[in-house]
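Note sheet for the following structure.
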Amino acid sequence: MRTEIKTYDVVIIGGGVIGTSIARELSRYKIDVALLEKEIELAFGVSKSNSGIIHPGTQNLPGSLKGRLCVQGNILTRRIAKELGVEFQEVGELIVAFNKEENSRLFELKKEAETMGVPGLRIVGGDWLRENEPNLNGEAIAALYAPTAGIISPYRLVYALAENAVKNGVEIHVLTAVEGIKFLKDDKYKFDVITSRGVFRARFIINAAGLYADKIASMAGVSDLKITPRKGEEFILDKKKENLTRHLLFPLPSKTSKGILVTRTSDGNPMIGPTVQDVEDKEDLLTSDEGYKKVVSAARRLVPSINKNDIITYFAGLRPVCGDDFIVRHENNVPGFVNVVGIQSPGLTAAPAIAGMVKKILENNGLDMKKKFFFKRYQGKVTHLFSKSLYKIKKLVKRDHAYGDILCRCEMVSVKEVKDAIKRGARTMDGIKFRTRAQGGRCHGGFCTTRIMKILAEETNVPITELTKRGAGSEIVKEERGND
Amino acid sequence: MINRELVVVGGGPAGMAAAISAYENGVRDILLLERDQYLGGILNQCIHTGFGLDYFDEVLTGPEYADRFIKKIRNIPEIEVSLRSFVVDLTEDKVLTYLKPGSVETIKAGALIMATGCRERTREMIHIPGTRPAGVFSAGLAQKFINIEGLLPGKKIVIVGSGDIGLIMARRFLLEGAEVEGIVEIKSESRGLIRNMVQCVEDFNIPVYFNHKISGIYGKDRVEKVDIVRVDKEFNKVAGTETRLDCDTVLISVGLIPENELIEMAGVEIDKKTNSPVSKEVNRTSIPGIFVCGNSFKVYDLVDTVSNESIKAGCMIAEYLGYKITCNEE
Ligand SMILES: Cc1cc2nc3c(=O)[nH]c(=O)nc-3n(C[C@H](O)[C@H](O)[C@H](O)COP(=O)(O)OP(=O)(O)OC[C@H]3O[C@@H](n4cnc5c(N)ncnc54)[C@H](O)[C@@H]3O)c2cc1C
Ligand SMILES: Cc1cc2nc3c(=O)[nH]c(=O)nc-3n(C[C@H](O)[C@H](O)[C@H](O)COP(=O)(O)OP(=O)(O)OC[C@H]3O[C@@H](n4cnc5c(N)ncnc54)[C@H](O)[C@@H]3O)c2cc1C
């Protein structure tokens, strides 16, 4: 708990991809910035459970903010990924048509997307598909090919953004839940942000609280926003099936969603989903039998060889929906308060463009944004054995023996990688999984859990009985065995 | 590249028995690779008794059983044991690469015995709807927590599946002072050994829900409860028969799967359903000179059978390498 009150030019609420993108963007300027996150680690909200696609900008309504920011974001994400050493793979997507009617919709989609500025679009026919996407259902007659679609690891992007922001002077506070906002009579510092860990005084507040952004907005007196969570269930297949498809495969989109896709995670596991279902509860991450059946059958329509036995895990995510479009605006009735609300899909893609927009909003509302003389733009790659050739692995093991000490057999993760992850901020078993993939493979930690726990306990000086899956309440074990 | 006559991957009971038997049949250049820091494989965490009745005519614990083979191996200098050596790559030509702290080695083997054991089927593989809280463990992991790490993973347990490890863990948890709310088995009888059913479950009056399946796991951060439901002969839910059990832990004991990712990488034909090598004869695979034995060939109930079949594997490989074998064909 902080007793003295520190002041900031900007306080960002929310440590997902939006909050950390904004933090990194603002870290270029000579201003004091703090980011507050209620969970024990960053990226534990919506940003951890999504499809990980950097969309090209197709399937958005012309004229929408979503559409514009998505196209920009696709370009910016490539640059940021390069600067921060995060792997971005441009794999391209195919929106597949199975009959004449769908075929003509492809042309409409292409036209719409072109007016939004999506580059390189092409309609490809059945022969092209059979040659370039051999496992696609043979009944497909044509597809809209968008070569700029890519994949990225959403949480590793968040961790890299945060690390870079911190290097450039941003403060990040986890386990810091915003509980209220007090208005001050001061001309400069207009807000006291009341949190579980003390007060942060701010000139500007940026609300990037994901599913809870409506709650934060109402703390600031903006009460006309309501977020409806829209659930999506996703299913991940064994990495053995890495070559299932070459492109991301989409059916034709409906009004509310892009449909059930066959995609791939940046680690090489095919992924199928998501479903679309509006729910009440912002914590409702239940997966269901219905979702499972729906996803498997829809995915098999695209790729008939998909086998249920290849599914190694599944999860649900909630899209923070607030109307049809993103809301990114300064609240003129509450000077200094900026809302970034309703960041549903394609929020991951649009994040850097949203950050740029927020920067302009701050500038337009009187924040003096002078560039720092030294901005540490670049950051080294985090080393993952699984993405290295045997030759490279040999060199690594020579350099540091701990790379040769493998603890996760399914995903080939070494002790060194786990220790690095902890150095970079991992505090939970999920945090280690997201960063390294250890426990994320086909045996789900059956073999490596105890070893990881011992390392985590030792490196962070926390008793093994207090280690958690993802924060307080999710302790892994109950107690040490009695001696009797 | 270094050439070795015989490389054995896996230092559990299967790998040890096969290496010894190959030696006894004339092979003199043997490298045994084990990922872990000690030999013995999964037996190290099986501290209950019940091993060796067949093979040694004695009742031993898992580590005691393993120890007999370890001692024997230690006395054969021609078997080089390399611990903390994790095989990561294997080709059709029997070239394998392994990592150990400080080095990466590539070796060409004249012949290979793969004895990599098996892994447990997970919650994810049987698709249980619900949330994904802490407190869902495979039974083998829970066993490791208690027997090796001295940690109690839960206090109110529901066990899914009546495999042997689940049954043994039911008793273990009771002895540790935890409560076992029940064992949920989708079939109408246990898949475990009768002796485990009697000694671990009936003697302790643990409720067993036959013809039931788990239909949901709930709890935000830690498991809070599960729903179970009766199923018909086709394993479909019978409406209106849901029961809720409060618990903080769910153990999954729904079977084992042979670990054969390495030979699959080399191009050995694998049965998609069982993950075993497709083979007409025990221990053989579709690639001559690559043999598989123990639980990675198929899941055996008893370690004694594993030892016997693995001794056979040692003979087969010696024969493949051109030695005149002395083991008798039954
Ligand atoms: C199933 C699914 C698939 C998707 N697929 C894609 C895709 O392929 N491509 C794409 O571009 N987009 C995709 N999206 C959308 C994308 O995931 C989101 O737009 C994005 O992650 C939103 O990020 P965020 O930072 O706004 O939210 P979050 O990641 O939820 O971050 C908000 C943070 O605020 C914190 N917080 C909340 N309240 C408080 C408080 N009181 N005090 C402090 N902190 C607080 C939360 O803990 C959380 O960490 C998908 C979404 C879903 C659900
Ligand atoms: C929890 C449990 C309880 C059991 N209880 C009983 C019982 O009560 N009575 C009974 O008779 N039987 C019991 N069994 C069965 C018996 O233990 C097994 O049948 C026997 O251990 C199988 O031997 P194995 O050598 O095939 O496999 P394992 O013992 O699993 O050995 C495989 C070895 O290969 C190593 N390995 C794997 N991959 C690699 C790699 N890539 N590189 C290097 N090394 C690798 C592993 O580290 C391991 O040491 C039990 C089994 C389990 C899992």
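So the values come out like this:
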quantity: A:Thr465, sole failed condition from (1) free of Cβ contacts under 8 Å to residues at least 40 places away in the same chain; (2) buried (at least 22 other Cβ atoms within 10 Å of the Cβ); calculated: (2)
quantity: Set A:Glu459, A:Glu417, A:Glu475: member being surrounded by fewer than 22 Cβ atoms within 10 Å (Cβ to Cβ), modelled with pLDDT of 95 or more and within 13 Å of chain B (Cβ to nearest Cβ); calculated: A:Glu475
quantity: Candidates A:Gly126, A:Gly117 - the one that is closer than 28 Å to A:Ile22 by Cα and either within 14 Å of another protein chain (Cβ to nearest Cβ) or more than 16 Å from ligand 1 (Cβ to nearest atom) (or both); calculated: A:Gly117
quantity: Residue count, segment A:225-248 (criterion: outside any strand (DSSP E or B) and either touching a residue at least 40 places away in the same chain (Cβ under 8 Å) or not assigned by TED's automatic domain parsing to the domain that holds A:Ala97 (or both)); calculated: 11
quantity: Test: residue in segment B:185-204 that is of a type in the set (A, V, I, L, M, F, W, C) and closer than 30 Å to B:Val8 by Cβ; calculated: yes
quantity: Selection from segment A:438-456 of residues that are open to solvent by less than 20 Å² (accessible area, probe 1.4 Å), in contact with a strand residue (DSSP E or B) (Cβ under 6 Å, 6 or more places away or on another chain) and under 20 Å from A:Asp310 (Cβ atoms); calculated: A:Cys443, A:Gly446
quantity: Residues of segment B:21-41 satisfying the condition of being buried (at least 22 other Cβ atoms within 10 Å of the Cβ) and in a helix (DSSP H, G or I); calculated: B:Ser21, B:Ala22, B:Gly41
quantity: Residue match in segment A:324-331 (condition: at pLDDT below 95 and away from ligand 2 (no atom under 16 Å from the Cβ)); calculated: yes
quantity: Residues (open to solvent by 10 Å² or more (accessible area, probe 1.4 Å), touching a helix residue (DSSP H, G or I) at 6+ places or on another chain (Cβ under 6 Å) and within 16 Å of ligand 2 (Cβ to nearest atom)) located in segment A:386-406; calculated: A:Asp405
quantity: Out of A:Thr195, A:Thr148, sole residue that is more than 30 Å from A:Asn243 (Cβ to Cβ), among the polar types (S, T, N, Q) and modelled with pLDDT of 95 or more; calculated: A:Thr195
quantity: Lone qualifier among A:Gly431, A:Gly440 - being more than 10 Å from every other protein chain (Cβ to nearest Cβ), modelled with pLDDT under 95 and on the phi < 0 side of the Ramachandran plot; calculated: A:Gly440
quantity: Positions within segment A:310-344 being of a type in the set (S, T, N, Q) and under 17 Å from A:Asp278 (Cα atoms), in sequence order; calculated: A:Gln344
quantity: Candidates A:Ala177, A:Ala209, A:Ala202, filtered to the one that is within 10 Å of ligand 1 (Cβ to nearest atom), surrounded by 18 or more Cβ atoms within 10 Å (Cβ to Cβ) and either within 14 Å of chain B (Cβ to nearest Cβ) or not hydroxyl-bearing (Ser, Thr, Tyr) (or both); calculated: A:Ala209
quantity: Unique residue being within 12 Å of ligand 1 (Cβ to nearest atom), within 14 Å of another protein chain (Cβ to nearest Cβ), under 18 Å from the mean Cα position of the chain (by Cα) and among the aliphatic types (A, V, I, L, M) when the list is A:Ile40, A:Ile13, A:Ile22, A:Ile53; calculated: A:Ile40
quantity: Segment B:82-114, residues that are more than 9 Å from chain A (Cβ to nearest Cβ), closer than 13 Å to B:Glu34 by Cα, assigned to a strand (DSSP E or B) and among the hydrophobic types (A, V, I, L, M, F, W, C); calculated: B:Val87, B:Ile113, B:Met114
quantity: Residue in segment A:429-441 that is in contact with a helix residue (DSSP H, G or I) (Cβ under 7 Å, 6 or more places away or on another chain), free of Cβ contacts under 8 Å to residues at least 24 places away in the same chain and not aromatic (Phe, Trp, Tyr) present; calculated: no
quantity: Residues of segment A:212-263 that turn out to be among the hydroxyl-bearing types (Ser, Thr, Tyr), under 30 Å from A:Val178 (Cβ atoms) and at pLDDT 95 or above, as a count; calculated: 3
quantity: Selection within segment A:75-129 - among the β-branched types (Val, Ile, Thr) and either touching a residue at least 40 places away in the same chain (Cβ under 8 Å) or outside the structural domain of A:Gly52 (by TED's automatic domain parsing) (or both); calculated: A:Thr77, A:Ile80, A:Val86, A:Val91, A:Ile95, A:Val96, A:Thr115, A:Val118, A:Ile123, A:Val124
quantity: Among (1) open to solvent by less than 10 Å² (accessible area, probe 1.4 Å); (2) in a strand (DSSP E or B); (3) closer than 15 Å to A:Val17 by Cα - the single one A:Ile172 does not satisfy; calculated: (1)
quantity: The lone exception for B:Glu78 - which of (1) at pLDDT 95 or above; (2) loosely packed, with under 15 Cβ neighbours inside 10 Å; (3) within 14 Å of chain A (Cβ to nearest Cβ) it fails; calculated: (3)
quantity: Close pairs from segment B:298-326: first free of Cβ contacts under 8 Å to residues at least 24 places away in the same chain, partner near ligand 2 (Cβ under 10 Å from one of its atoms) and not acidic (Asp, Glu), Cβ under 7 Å, at least 6 apart; calculated: B:Tyr300/B:Val306
quantity: Yes/no for B:Asp67 being open to solvent by 50 Å² or more (accessible area, probe 1.4 Å), more than 8 Å from ligand 2 (Cβ to nearest atom), part of a helix (DSSP H, G or I) and in the same structural domain as B:Asp29 (by TED's automatic domain parsing); calculated: yes
quantity: Scan of segment B:1-52 for residues that are more than 18 Å from B:Ile317 (Cα to Cα), among the hydrophobic types (A, V, I, L, M, F, W, C) and within 16 Å of the chain's Cα centre (by Cα), ordered by number; calculated: B:Leu39, B:Ile42, B:Leu43, B:Cys46, B:Ile47, B:Phe51
quantity: Qualifying positions in segment B:1-47 - near ligand 2 (Cβ under 6 Å from one of its atoms) and in contact (Cβ under 8 Å) with a residue 60 or more places away in the chain; calculated: B:Val9, B:Gly10, B:Gly11, B:Gly12, B:Pro13, B:Ala14, B:Gly15, B:Leu33, B:Gly41, B:Ile42, B:Leu43, B:Cys46
quantity: For A:Val358: the one exception among (1) part of a helix (DSSP H, G or I); (2) open to solvent by 30 Å² or more (accessible area, probe 1.4 Å); calculated: (2)
quantity: Options B:Glu234, B:Glu224, B:Glu189: the member that is touching a residue at least 24 places away in the same chain (Cβ under 8 Å) and surrounded by fewer than 18 Cβ atoms within 10 Å (Cβ to Cβ); calculated: B:Glu224
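Let's see how each residue does on (1) more than 12 Å from chain A (Cβ to nearest Cβ); (2) outside any loop (DSSP other than H, G, I, E, B); (3) not basic (Lys, Arg):
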site	(1), (2), (3)
B:Thr116	no, no, yes
B:Arg119	no, yes, no
B:Thr122	no, no, yes
B:Gln143	no, yes, yes
B:Glu149	no, no, yes
B:Val158	yes, yes, yes
B:Ala170	yes, yes, yes
B:Ile183	yes, yes, yes
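The values are calculated or read from the model by the stated rules, or taken from the named source; none is laboratory data. Just so we're clear, the structure is a prediction, and the values are computed from it rather than from any experiment. Cβ coordinates were reconstructed from backbone atoms using ideal geometry, including for glycine residues, and neighbour counts include every protein chain displayed. Each accessible area value is taken on the protein alone, full model and side chains, heavy atoms only, with ligands, DNA and RNA left out. Shrake-Rupley method; radii C 1.70, N 1.55, O 1.52, S 1.80 Å.
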